[in-house]
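The values are calculated or read from the model by the stated rules, or taken from the named source; none is laboratory data. Bear in mind that the values here come from a model prediction, so they are computed numbers and not experimental data. Cβ sites come from the backbone with ideal geometry, for glycine too, and all protein chains shown count toward neighbours. Note: areas computed on protein heavy atoms with side chains; ligands, DNA, RNA excluded. Shrake-Rupley method; radii C 1.70, N 1.55, O 1.52, S 1.80 Å.
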Amino acid sequence: MTVLIITHSEDNECIDRVAAAIARLGGRAFRFDTDAFPAGARLSLSSGAGAGRSTLTTRDGALDLGDVTAVWYRRVAYGARLPSSMDPQLRSASVHEAKQTAEGMLAAFRVPQVDPLPAVRFASNKQVQLDIAREVGLDTPRTLTTNDADAARAFAATCPGGVIAKMLSSFAVYRDGEEQVVFTNALEAKDLADMRGLSLCPMTFQENIPKARELRVTVVGERVFTASVDSQAAPGAEVDWRRQGIELIDAWRKDTLPPDVETGVLRLMDQLGLNYGAIDILRTPDGRHVFLEVNPSGEFFWLERTPGLPISEALAEVLLGKAPRRGSWSAFLHTPATQPR
């Protein structure tokens, strides 16, 4: 059995962890660093009688795509290694064609994928996540996404505990070559008074939820792995634990969800069509569990170090068909074709 891993060369240790787990279980992992395509990898997709086999060739060797039995869709960075000297318009066209070609390969596969690209894109919409989370019975914060300053101020007035602001997409800005991540921030009265920049870029506003613990819930197939951290004990991490992520990396502990919350989480995954997701949940001082968001390709590597959750092993088992898969794969498993040729 061969698992094709879709990633890029700067991805973290989780790739090697999952690949090693696949090997331990008797499978083969083949890594496709998408930043090496098209400049450093060759992809040939054949269609029609006599057109030949579909193949992927990287620095690690050649893969007959007909041998692929599952796909792990992790990260992409198409065209990142193209020469900087390329004409910007030609570079843009090359990146676009590389993306279209690779996504054509993914769409042509009729094998299990964690997770199919259409499901990943659908599930990445934060408004959809919150709507479905409420439908399946999960507690969610009051939320407003807008570029209307008056609407934002009116919303904030309904939140007696204060309001936080965050972006729907994860991104960073670069100053003098240094990456500066855009974190979640608590808004003060002066911030609400001066919101001139909001008309240029919408933001998401949520009621500020008191925290006893912050939970990271990683779902793999039918399994739910829960860890938590006391972000309030680390100065600077009170609003967004990622600000002190390095300092807190060894402070995560194994945890559990109440049965009704775990049921809601699995129902959410079914509705989103996902077999994998990294979910952020807040536990309040009075014991509520408030869903914030799910990342269909979210990180988990630090949770394998501390507190030692076996997430890589679980992913390998699902990819190799040695553990239950969620129903979202049925459309792929019942399609007559098996893989690109």
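Assorted remarks:
- Taking residues in the range 56-83 that are closer than 13 Å to R28 by Cβ and of a type in the set (S, T, Y), and partners anywhere that are assigned to a loop (DSSP other than H, G, I, E, B) and open to solvent by 60 Å² or more (accessible area, probe 1.4 Å), the pairs with Cβ atoms closer than 6 Å and at least 6 places apart or on different chains are T69/M1.
- The strands (runs of 3 or more DSSP E) found wholly in the range 29-72 and carrying at least 1 residues that are among the basic types (K, R) occupy 42-44.
- Which numbered condition T101 misses (of (1) modelled with pLDDT of 95 or more; (2) open to solvent by 30 Å² or more (accessible area, probe 1.4 Å); (3) part of a loop (DSSP other than H, G, I, E, B)): (3)
- For the range 141-158, the set of residues classified as open to solvent by less than 20 Å² (accessible area, probe 1.4 Å) and under 22 Å from L215 (Cβ atoms) consists of P141 only.
- On inspection, E247 does not qualify as surrounded by fewer than 19 Cβ atoms within 10 Å (Cβ to Cβ), under 18 Å from the mean Cα position of the chain (by Cα) and either modelled with pLDDT of 85 or more or over 15 Å from T184 (Cα atoms) (or both).
- Checking each residue in the range 113-125 for being buried (at least 19 other Cβ atoms within 10 Å of the Cβ) and assigned to a helix (DSSP H, G or I) picks out A119, V120, A123.
Listed here are the residues, each with its yes/no results for (1) closer than 22 Å to Q127 by Cα; (2) open to solvent by 40 Å² or more (accessible area, probe 1.4 Å).
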| position | (1), (2) |
| --- | --- |
| F225 | no, no |
| P235 | no, yes |
| D240 | yes, no |
| T256 | no, yes |
| Y276 | yes, no |
| D280 | yes, no |
| P285 | no, yes |
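- Unmet criterion (only one of (1) assigned to a helix (DSSP H, G or I); (2) closer than 27 Å to Y73 by Cα) for A227: (1)
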